1. So which residues in the range 293-335 are touching a helix residue (DSSP H, G or I) at 6+ places or on another chain (Cβ under 9 Å), surrounded by fewer than 14 Cβ atoms within 10 Å (Cβ to Cβ) and hydrophobic (A, V, I, L, M, F, W, C), if there are any at all?
2. Tally time: how many residues in the range 344-384 are within 30 Å of Val79 (Cβ to Cβ) and of a type in the set (A, V, I, L, M)?
3. As an exercise: evaluate Val418 against (1) more than 30 Å from Arg109 (Cα to Cα); (2) surrounded by 13 or more Cβ atoms within 10 Å (Cβ to Cβ); (3) under 25 Å from the mean Cα position of the chain (by Cα); (4) touching a residue at least 24 places away in the same chain (Cβ under 8 Å) and give the number of the one condition it does not meet.
4. Mind checking which strands (runs of 3 or more DSSP E) fall wholly inside the range 1-120 and carry at least 2 residues that are within 26 Å of Asp270 (Cα to Cα)?
5. Given the criteria loosely packed, with under 14 Cβ neighbours inside 10 Å and either of a type in the set (A, V, I, L, M) or within 16 Å of the ligand (Cβ to nearest atom) (or both), does Ile396 qualify?
6. Restricting to the range 205-218, give me the number of residues that are surrounded by 18 or more Cβ atoms within 10 Å (Cβ to Cβ) and outside any loop (DSSP other than H, G, I, E, B).
7. Inspect the range 267-284 for any residue being in a helix (DSSP H, G or I), open to solvent by less than 10 Å² (accessible area, probe 1.4 Å) and outside the structural domain of Trp147 (by TED's automatic domain parsing) and give the result as yes or no.
8. Pairs under 6 Å by beta carbon, first residue hydrophobic (A, V, I, L, M, F, W, C) in the range 185-196, partner near the ligand (Cβ under 9 Å from one of its atoms) and not in a loop (DSSP other than H, G, I, E, B), six or more apart or different chains?
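The values are calculated or read from the model by the stated rules, or taken from the named source; none is laboratory data. Just so you know, these numbers come straight off a predicted model, no measurement behind them. No Cβ is skipped: glycine too gets one built from the backbone with ideal geometry, and neighbour counts run over all protein chains shown. Note: accessible area is taken over every heavy atom of the protein model, side chains too, but ligands, DNA and RNA are not part of it. Shrake-Rupley method; radii C 1.70, N 1.55, O 1.52, S 1.80 Å.
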Amino acid sequence: MQEQPVDAPPEHRVVNPATEEVIATVPATSPAAVDAAVRRAARARRTWAALAPADRARLLRRFAAAVDAAVPELAGLEVREAGHPVAAARWEAGNVRDLLDYAAGGVERLTGRQIPVAGGLDVTFHEPLGVVGVIAPWNFPMPIAAWATAPALAAGNAVILKPAETTPLTALRLAELGLAAGLPENLFQVLPGAGPVTGAALVDHPGVAKIVFTGSTAVGKAVMARCAAQVKRVTLELGGKSPNIVFADADVARAAATAPGSFLDNTGQDCCARSRILVQRPVYDRFLELLEPAVRAVTVGDPADPDTAMGPLISAAHRDRVRSYVPEDAPAAIRGEIPAGPGYWYPATVLEAHRAGDRAAAEEIFGPVAVVTPFDDEAEAVRLANATDYGLSGSIWTRDAARAIRVSRAVAAGNLSVNSHSSVRYATPFGGFKQSGLGRELGPDALAAFTETKNVFLSTEDG
Ligand code: NAD
C-alpha cells in the first residue's frame, strides 16, 4: 500500500459496489474547512436573499434545466457509486429536476398573512433561516439531498450538503451544475467527509441555523441532542420497518405481483421498504404462492444494464449486516438468485415470521429481506402494524373503502398508500411518526419549513 504524506488531508475511496473497484478518491472536509464554508455561505446567502423572488425562481429553473440536460451523466454516476439500476438512477436524476422546478414555483407563493386584530395592521413574514446544513444518506443520494436543498434555496437560504461517505459524486456534480446555471458562488456547497467529523462540525457550527438529517435513527438521535445545545432547528428523516397489509378481500394477485417492488426496490435499501408483509389468514398460502414467481422475476445483475431491476448492496460491511439478520438455519420461504463474481450481492429473501427470529422481524434490515406474518382480523392487523417504534410508511390492500380509511387512520405512520406502494411524491408531505423522524419535507409547505415566521403589528392609532 502506498504511504500518504503525513499532512495529506484524509480521503474517502468511492467504490463501485457492483464490481468492488475504486472509482474515485474524494478529499474529506476538515472542521476548519467547514467553518470557512459556513462563512462563505452566509455571505452568499445575503446576495441571494436580496434578489427579487422572480429572479431566484428563474435561477432555480435554470438549475433544473441543467440537471435535466445532465440526467444521463448523473444517472451514470449513481450507477457506479451506489449500484442503482440505471433505469432507477435516471428516474432519481429526473426527480431532482422536478424538485427544483417545484421549489421554483413556490418562491413567489411563499406569502405571509394579514390577520385581523384591533388597533392596527398585523402581518406575518416568512424569513429565511440563513445557512442550512443537509446531511444525506447513501441510499438515495440525489433525491434525498434535493428534498431539502431545493426548498431551502427557494426560501432564500444557503445550503451546505454533507453527502454520505460512500456516495459523494452525484452531490459534487449537482453543486457544479448549480453554479454553472448561475446560482451565486458558495450558495450551494457540497462538503464530503466522515459523519462524525465533517457532519458533526456542520451540526455544531453556530452559523448553521437548521440541520436536515436523513439517516439512521441512532445517528439522528445524536444529531438532535447536539442541535438541542443551540436550540438549532432540526428535521429528521430516519429509519422504518413498514407494513404491507393484505386483507382477504383485496386483489391478492395484484398485491402479490407488486409486493417485490415494495421491499426489493433499491435492493431493500429504502426507508419506506414494506419489509413486514401482513397477510390475512384465508389468503396467506395463496399470497405466498403468487409472491414466489414475482420475486424470481426480478432481474438481478449489472446495474448498467437497462433491464436490471435489482443491483448490489452498498458495501461489504452492509452486506455482512444484512446477512446477520437472517438466521443461518432458517429455511427461507423464498430465496432469489445472485450473480457470481465480485460485487456486494445479497439474494431476495422472504422469511415466515415463525422462522425469522426476533431481530429480523423487529429491526430495520435495510436489505432485500421481508418477513411475512399471518393475521386474523382488522384489529390484529392494526396491532401488528403498530408494534414497532418506527412509523414511516405502509400499504393497505383491500377492496373495502371504509376499511381502507379506518386502517389508514389507525396505523401510526406518516405515509400510507391504499392498493399501491407509492411513498414519496415531491408535491405531497413526507415524514415519519414516532422514531421514524421529526418534521415534514416535500409538499406545499416545504419552503415554509426553511423559514421563521415573523409577526409585525403596525398601530393605526392616531397620535
Ligand atoms: P447513517 O445514519 O449512518 O448516516 C447518514 C448520514 O449521517 C451520512 O452522511 C453520515 O456520514 C452522517 N453521519 C454519521 N454520523 C454522524 C454524526 N455523528 N454527525 C453528523 N452526521 C453524521 O445512515 P445511512 O446508513 O447513510 O442511511 C441509512 C439509514 O437512513 C436507514 O436507517 C434509512 O432508513 C434512513 N433513511 C431515512 C429516510 C427518510 O426519509 N426517513 C430516507 C433514506 C434513508
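1. The answer is Ala297, and nothing else.
2. So the first thing to find is which residues in the range 344-384 are within 30 Å of Val79 (Cβ to Cβ), and the list is 344-351, 360, 363-371.
If we keep only those that are of a type in the set (A, V, I, L, M) too, we end up with 348, 350-351, 360, 365, 369-371.
Counting residues in the range 344-384 that are within 30 Å of Val79 (Cβ to Cβ) and of a type in the set (A, V, I, L, M) gives 8.
3. The one condition Val418 does not meet is (4).
4. Details: elements: 11-15, 22-27, 114-117.
Because the criterion is at least 2 residues that are within 26 Å of Asp270 (Cα to Cα), the strands (runs of 3 or more DSSP E) in the range 1-120 that meet it are 11-15, 22-27.
5. Values: loosely packed, with under 14 Cβ neighbours inside 10 Å: no; either of a type in the set (A, V, I, L, M) or within 16 Å of the ligand (Cβ to nearest atom) (or both): yes.
Here the answer is no, as Ile396 does not meet what is asked.
6. Residues meeting the conditions: 6.
7. Taking every residue of the range 267-284 in turn, at least one turns out to be in a helix (DSSP H, G or I), open to solvent by less than 10 Å² (accessible area, probe 1.4 Å) and outside the structural domain of Trp147 (by TED's automatic domain parsing).
8. What qualifies is Leu191/Lys162; Leu191/Thr198.
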